[in-house]
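Just below is one structure, and these are the notes that go with it.
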Amino acid sequence: MKRVGVLTSGGDSPGMNAAIRAVVRSCRYYNLESVGILQGYEGLIQNDMLTLGPRSVKNIINQGGTILKTARSEEFRTIEGRKKAYQNIQKNNIDGLIVIGGDGSFKGANIFHQEFNLPFIGIPGTIDNDIFGTDYTIGYDTALNTVVEAVDKLRDTATSHDRVFFVEVMGRDAGFIALNSGIASGAQNILIPEKKDHINELIQSLEQSAKSGKKSSIVVVAEGEELGNVYELAKQVKAKHPDYDIRVTVLGHIQRGGNPSCQDRVLASRLGIAAVEALMKGKTNVMTGLRSNKIVYTPIEEAIQKHHSIDNELLKVAKILAI
Ligand code: F6P
């Protein structure tokens with residue numbers, strides 16, 4: 001192992017830059033060269049790469065987004081695209097690849113590894129926290145803080161007007177962001193795809209909360225919620241209770257930006273170093289992760305196939321505290 005390629009792929013997440021920095025600096029520490037690949041797998045196909053050194057990654061630990069840019073490459077899904085990518089890997093003398101991204105990015109890397117046998121290590125970077133093999137993904141904590149700050153602000157206006165706010169948060173098919181931000185922001189109801197929800201239960205809960213003296217309520221809804229999206233849910237509640245003053249807010253991509261939190265910077269720094277060390281030890285096709293605050297390596301196939309489950313205790317916490 002002499003030359004390591006690093007790329008970011010899929011949706012960006014705060015802390016990806018800290019992970020790039022950790023990869024590049026640990027490469028230098030261990031006397032390896034590092035190459036940054038631009039725009040995810042697109043950069044491999046287009047041969048868009050640059051050599052990186054410790055000073056190329058200065059002043060980025062605090063920045064959101066990714067200096068390497070990111071993309072969801074369609075061409076990499078084809079064998080022709082992957083062949084071009086491998087030719088460029090050879091041309092640039094890259095001996096190992098580190099991919100910072102989510103499970104879609106790992107699926108691509110896994111196929112690439114099977115076809116060309118290039119050593120590859122994954123680092124979980126997504127705000128969704130939906131990856132098996134790590135307690136936390138890079139960017140999740142920052143996204144949670146962004147959501148909580150936003151919902152706190154919505155609470156101010158909800159309280160002033162005695163309103164019910166439906167707030168949609170990201171997470172793709174997972175409810176981690178909704179569940180944890182909902183608890184932290186004191187939501188009356190939290191709707192997530194991992195739990196079977198019923199419109200009548202939601203309405204009863206809002207009625208109960210009004211009866212108990214609450215004048216305003218926050219309902220946090222994961223974007224993947226199966227009962228319906230925020231607008232549909234708000235409409236159904238309004239149909240039953242025309243007297244409720246309801247507003248809907250979709251937080252959207254604001255959740256993907258901003259300076260990474262301390263937790264995400266430290267996580268990214270640890271996982272970046274662990275990825276380089278894994279390549280040096282001859283590990284391949286594994287994902288670095290953190291479990292019970294210890295570095296672990298999970299076979300990439302497990303990381304892709306297995307499901308990161310939500311903690312049922314948190315559902316109980318949310319229910320009890322909404323009384
Ligand atoms: O995976 C991260 C994520 O932000 C999801 O929460 C969301 O569903 C999706 O990406 C949005 O994708 P895009 O940025 O392509 O609209």
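The values are calculated or read from the model by the stated rules, or taken from the named source; none is laboratory data. Bear in mind that the values here come from a model prediction, so they are computed numbers and not experimental data. Every residue, glycine among them, receives a Cβ derived from its backbone with ideal geometry; neighbour counts consider all protein chains shown. Each accessible area value is taken on the protein alone, full model and side chains, heavy atoms only, with ligands, DNA and RNA left out. Shrake-Rupley method; radii C 1.70, N 1.55, O 1.52, S 1.80 Å.
Each residue of the stretch 24-37 was assigned a 3J(HN,Hα) from its phi angle through the Karplus curve 6.51 cos²θ - 1.76 cosθ + 1.60 (θ = phi - 60°); the sequence is 5, 6, 6, 4, 4, 4, 9, 6, 10, 8, 10, 10, x, 9 Hz, with glycine and proline shown as x. Excluding residues on the same chain fewer than 8 positions from Lys319, give the lysines whose Cα lies under 30 Å from its Cα. Cross-link targets: Lys153, Lys195, Lys196, Lys211, Lys214, Lys215, Lys235, Lys238, Lys240, Lys306. Ranked by the mean number of other Cβ atoms within 10 Å of their residues, highest first, the peptides 88-95, 117-124, 274-281 come out as 117-124, 274-281, 88-95.
Relative contact order of the stretch 140-256: 38 percent, from C-alpha pairs under 8 Å at least 6 residues apart in sequence. Charge dipole (Cα centre; +1 on Lys/Arg Cβ, -1 on Asp/Glu Cβ; no other charges) of the chain amounts to roughly 900 debye. Percent relative contact order of the chain, based on C-alpha pairs within less than 8 angstrom and at least six residues apart? The normalised contact order for the chain reaches 23 percent.
When the Cα positions of Val248, Val220, Ile183 are compared along the charge dipole of the stretch 140-256, Val248 comes out farthest toward the positive end, with charges on each C-beta of Lys, Arg, Asp and Glu.
Each residue of the stretch 283-296 was assigned a 3J(HN,Hα) from its phi angle through the Karplus curve 6.51 cos²θ - 1.76 cosθ + 1.60 (θ = phi - 60°); the sequence is 6, 8, 6, 10, 10, 7, x, 10, 10, 6, 6, 10, 5, 9 Hz, with glycine and proline shown as x. From the square roots a ≥ b ≥ c of the eigenvalues of the alpha-carbon gyration tensor of the stretch 4-115, which class results: rounded (a/c under 1.5), prolate (a/b over b/c), or oblate? Oblate, because a/c is 1.5 or more while a/b does not exceed b/c. Candidates Val317, Asn88, Gln39 compared by Cα position along the dipole of the chain: farthest toward the positive end lies Asn88, with charges placed on Cβ. In the chain, the calculated helix contribution to ellipticity at 222 nm averages -13500 deg cm²/dmol per residue, counting -39,500 (n - 2.57) for every DSSP H run with n ≥ 4. From most to least packed by mean Cβ count within 10 Å, the peptides 4-12, 162-170 give 4-12, 162-170. Could you pull out every residue, at least 5 positions away or on a different chain, whose amide H is within less than 5 Å of the one on Gly125? Hs are placed 1.01 Å off N in the peptide plane, and Pro or chain starts have none. Close amide H contacts, sequence-distant or interchain: Gly101, Gly102, Ile138. Taking Lys and Arg as +1 and Asp and Glu as -1, the other residues whose beta-carbon sits under 15 Å from that of Tyr244 total +4. For Tyr231, Tyr29, Tyr140, Tyr86, the ranking by accessible surface with the largest value first comes to Tyr29, Tyr231, Tyr86, Tyr140, using a 1.4 Å probe. Shape verdict for the stretch 140-256, please, from the Cα gyration tensor: rounded (a/c under 1.5), prolate (a/b greater than b/c) or oblate. Here the stretch 140-256 falls in the oblate category. Counting only protein heavy atoms and a 1.4 Å probe, the stretch 178-229 has 44 square angstrom of accessible area per residue. The share of accessible area on the chain that comes from carbon and sulfur is 48 percent, using a 1.4 angstrom probe.
With all protein chains in place and ligands, DNA and RNA left out, the 1.4 Å accessible area ranks Met1, Met49, Met16 as Met1, Met49, Met16, largest first. Taking other residues whose beta carbon is less than 9 angstrom from the beta carbon of Gln39, and scoring Lys, Arg as +1 and Asp, Glu as -1, yields -1. What you get for the stretch 171-249, charging only the Cβ of Lys and Arg (+1) and of Asp and Glu (-1), is a dipole of about 300 debye around the Cα centre.
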